[in-house]
């Protein structure tokens with residue numbers, strides 16, 4: 001879709017349901033979908049579904065993010081993400097809400113080209129995924145002086161890479177969000193740019209309330225929450241409305257007042273010999289031990305079924321990974337790891353399976369390693 005569509009006032013006033021990614025066969029003709037935008041996603045089961053977000057909710061989220069990041073009419077939002085995902089769509093909603101300028105990075109991702117584009121476009125605010133930030137930091141590129149904030153979403157940016165980016169002037173701010181919430185739920189404030197980079201204690205944006213279950217699963221409520229979803233059942237799309245004020249996510253968190261520390265998805269915690277092990281924590285430890293020599297986009301751990309231990313942990317690397325760094329890091333990790341957190345010999349694949357926004361597809365990763 002053309003991002004310019006989203007700065008046309010008639011788009012926001014049009015009650016016809018809209019899908020920025022296209023809806024095969026046409027959006028079902030249901031009154032519940034009037035004034036809504038549909039985004040495709042997949043749940044823990046992997047079944048496709050479409051999240052229905054009202055246009056009012058999307059604009060409310062946009063206004064909240066703009067105020068948080070001090071966006072004005074004089075600002076310029078940069079769009080390097082596809083607008084058919086809520087992250088990219090949300091950027092253009094913020095452009096419309098703030099009546100600010102904008103620029104679209106329409107090229108294939110390349111850190112050098114992106115850097116040149118930023119300088120030429122005068123971008124002040126943008127959103128990136130962790131892999132993109134890693135590429136900029138590894139390239140040693142200094143941030144353009146006009147850039148004031150980069151919201152990092154779509155996954156957790158490790159501390160080592162985040163600080164390296166900050167040292168080069170990139171104003172990276174950790175955030176936590178999801179499609180069901182019109183993008184951001186919690187985001188670091190601008191004043192934290194003067195301090196060392198951290199991944200936790202993210203303040204909730206003022207439109208959100210949060211609580212945690214006994215198992216530390218996050219539940220959220222607020223006026224920008226999704227209205228319902230379309231779920232495919234027996235080759236037919238059925239609309240399922242949200243009936244509860246609170247939405248339970250699949251993410252574990254540490255909740256301290258109005259601050260959230262993401263602890264990873266519940267499905268990244270697996271049982272080994274009866275103990276719960278955090279896969280993402282091991283991945284972060286490996287990245288830290290490598291001193292940045294292992295690319296976060298080229299490494300992950302697959303938890304494979306094991307008849308005796310319940311699961312075994314297999315480190316998976318892209319073929320492009322530095323083999324010397326991989327073996328040295330694995331050796332260092334194994335020397336200090338608890339027995340149940342020890343890793344199997346590494347597996348190298350052509351590329352790790354990822355979504356268009358760079359999110360690791362763990363189910364596909366497990367299947368890839370098992371074959």
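Annotations for the structure displayed:
- Flag for residue 78 being touching a helix residue (DSSP H, G or I) at 6+ places or on another chain (Cβ under 9 Å), crowded, with 20+ Cβ neighbours inside 10 Å, outside the structural domain of residue 364 (by TED's automatic domain parsing) and part of a loop (DSSP other than H, G, I, E, B): no
- Criterion: within 19 Å of residue 265 (Cβ to Cβ) and in contact with a helix residue (DSSP H, G or I) (Cβ under 7 Å, 6 or more places away or on another chain) - qualifying residue of 314, 363, 347: 314
- Taking the listed residues 119, 132, the one that is out of contact with any helix residue (DSSP H, G or I) (no Cβ under 7 Å at 6 or more places or on another chain), touching a residue at least 60 places away in the same chain (Cβ under 8 Å) and in the same structural domain as residue 171 (by TED's automatic domain parsing) is 132, with no other qualifying.
- Segment 120-134 - residue that is modelled with pLDDT under 90 and more than 10 Å from residue 152 (Cβ to Cβ) and, of those, nearest to the chain's Cα centre (by Cα): 131
- Test result for residue 165, under 28 Å from residue 279 (Cα atoms), in contact with a helix residue (DSSP H, G or I) (Cβ under 7 Å, 6 or more places away or on another chain) and either touching a residue at least 24 places away in the same chain (Cβ under 8 Å) or part of a strand (DSSP E or B) (or both): yes
- From the options 254, 192, residue that is in a helix (DSSP H, G or I) and either in the same structural domain as residue 23 (by TED's automatic domain parsing) or under 22 Å from the mean Cα position of the chain (by Cα) (or both): 192
The values are calculated or read from the model by the stated rules, or taken from the named source; none is laboratory data. Not measured: the values here are computed from a predicted model. Virtual Cβ from ideal backbone geometry, glycine too; neighbours counted across all protein chains shown.
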